[in-house]
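All of the numbers you see were taken from the coordinates with simple rules; none came from a lab. All figures in this text were calculated on a predicted structure; none of them were measured in a lab. Ideal geometry is used to build each Cβ from the backbone, glycine not excepted, and the neighbour counts take in all protein chains shown.
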């Protein structure tokens with residue numbers, strides 16, 4: 001079995017560099033996917049309350065703990081605070097619900113899912129009569145203070161952020177007692193995040209890459225959207241190494257020093273995505289993939305019914 005390298009966070013905790021993402025993993029399939037992943041060798045699972053499948057992920061994890069395949073301390077489990085729970089009094093209760101869902105006494109990592117807050121005490125995507133998202137004006141710095149309390153309470157080992165731009169990350173760092181260990185952001189060859197990656201490195205914050213394969217099955221995909229896994233330039237590099245395009249894209253993130261969390265519920269793909277430690281891309285290969293950058297963001301939270309771009313804390317108006 002391949003040995004997954006670990007990255008050490010700025011607080012001394014360690015994270016497996018490769019994990020299994022669970023966004024858009026269907027209830028009814030994700031429990032088996034988690035079991036398969038543990039058998040294959042995965043020890044890192046990336047979850048979120050809003051995915052609606054934490055309980056099923058927890059069932060898979062706890063089945064393997066009961067079987068004696070792994071102990072809880074062998075695993076690294078991440079989840080995320082949703083936008084409707086930014087208000088300080090809601091942070092710890094929301095975290096405790098996630099712990100209950102996952103059937104675990106603690107998380108290894110808890111993230112603020114997005115920098116912007118939604119109206120509390122209702123739907124996860126609260127809307128007005130015109131189908132527009134209802135915002136809250138809670139400051140994410142106030143939310144962060146409660147995240148720090150979660151560490152003090154022993155409910156989480158590390159805390160971080162997700163989808164924050166450079167300026168927002170800087171603001172959190174300057175206001176924090178406990179510094180974020182990671183910023184989890186969309187990252188793939190069409191959105192390489194080179195500037196943000198370098199900036200985070202300067203702060204000793206790890207970049208975790210979500211949608212590293214371009215999330216071809218995202219719910220809002222259209223027929224004419226480019227598919228990075230089918231890009232002829234990616235296929236050419238894959239052919240050179242006799243690897244799948246997905247393996248090339250995962251390896252690309254690993255060699256950049258990022259944590260990477262590809263999602264699949266198919267056992268064969270989960271296994272293939274794990275088999276990325278027996279080859280190495282050259283500096284020239286990495287440089288070539290970097291040239292595919294086209295600001296091809298696929299999770300903008302803008303347009304249609306999820307549009308959050310009018311919120312004062314929307315992160316993607318800035319350059320990076």
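Ranking request for peptides 68-81, 216-229, 106-119: highest mean number of other beta-carbon atoms within 10 Å first, then the rest in descending order. All intermediate terms of the calculation are to be shown ahead of the outcome.
On the way: 68-81: 18.0, 216-229: 11.6, 106-119: 23.7.
Peptide ranking by packing, descending: 106-119, 68-81, 216-229.
Out of all DSSP beta bridges in the chain, what portion is antiparallel? Express it as a percent rounded to 5.
Working: 7 of 32 bridges.
Here the share of antiparallel DSSP bridges comes out near 20 percent.
Going 7 Å from the Cα of residue 106 along its beta-carbon direction, which residues of the stretch 52-95 have the amide nitrogen within less than 11 Å of the resulting point?
Answer for this model: 73.
Which shape class applies to the stretch 96-219: rounded if a/c is under 1.5, otherwise prolate when a/b exceeds b/c and oblate if not, where a ≥ b ≥ c are the square roots of the Cα gyration tensor eigenvalues?
Judged from the Cα gyration tensor, the stretch 96-219 comes out rounded (a/c under 1.5).
Rounded, prolate or oblate for the stretch 200-320? Axes are the square roots of the Cα gyration tensor eigenvalues, ordered a ≥ b ≥ c, and the cut-off for rounded is a/c under 1.5. Don't skip to the answer; put the middle values down first.
Working: a/c = 1.80, a/b = 1.42, b/c = 1.27.
Prolate, because a/c is 1.5 or more and a/b exceeds b/c.
Full-extension gain between residue 129 and residue 221, please, as 0.36 nm times their residue separation minus the C-alpha to C-alpha distance.
Working it through step by step, the gained length comes to 30.5 nm.
May I ask for the distance between the Cα centers of the stretch 1-22 and the stretch 36-103, given as a whole number of Å?
16 Å
Where a ≥ b ≥ c are the square roots of the eigenvalues of the C-alpha gyration tensor, would you call the stretch 6-314 rounded, which needs a/c under 1.5, or, failing that, prolate if a/b is larger than b/c, or oblate?
The shape class here is rounded.
If each residue of separation counts as 0.36 nm, what is the full-extension length gain between residue 70 and residue 241 once their alpha-carbon separation is subtracted?
58.3 nm is the gain from fully extending residue 70 to residue 241.
Measure out, as a whole number of angstrom, how far apart the alpha-carbon centroids of the stretch 163-181 and the stretch 226-258 sit.
First find each Cα centre; the distance between them is then 31 Å.
Tell me, in nm to one decimal, what length is gained between residue 271 and residue 198 on full extension, where the rule is 0.36 nm per residue of separation less the Cα-Cα distance? Let's see the in-between values first.
Details: separation 73, 0.36 × 73 = 26.28 nm, distance 3.06 nm.
Working it through step by step, the gained length comes to 23.2 nm.
Using the number of other C-beta atoms within 10 angstrom as an exposure proxy, rank 176, 25 with the fewest first.
Least to most surrounded, the residues fall as 176, 25.
Could you work out the helix-only [θ] at 222 nm for the chain, with each DSSP H run of four or more residues adding -39,500 (n - 2.57) and the total divided by the number of residues, to the nearest 500 deg cm²/dmol?
Computed ellipticity for the chain at 222 nm equals -10500 deg cm²/dmol.
Quote the relative contact order of the chain in percent (integer), defining contacts as alpha-carbon pairs under 8 Å separated by 6+ residues. Mind dumping the intermediate values first?
Numbers: 566 pairs, mean separation 62.6, N = 320.
Contact order relative to length: 20 percent.
By count of other Cβ within 10 Å, fewest leading, how are 187, 294, 47 ordered?
294, 187, 47
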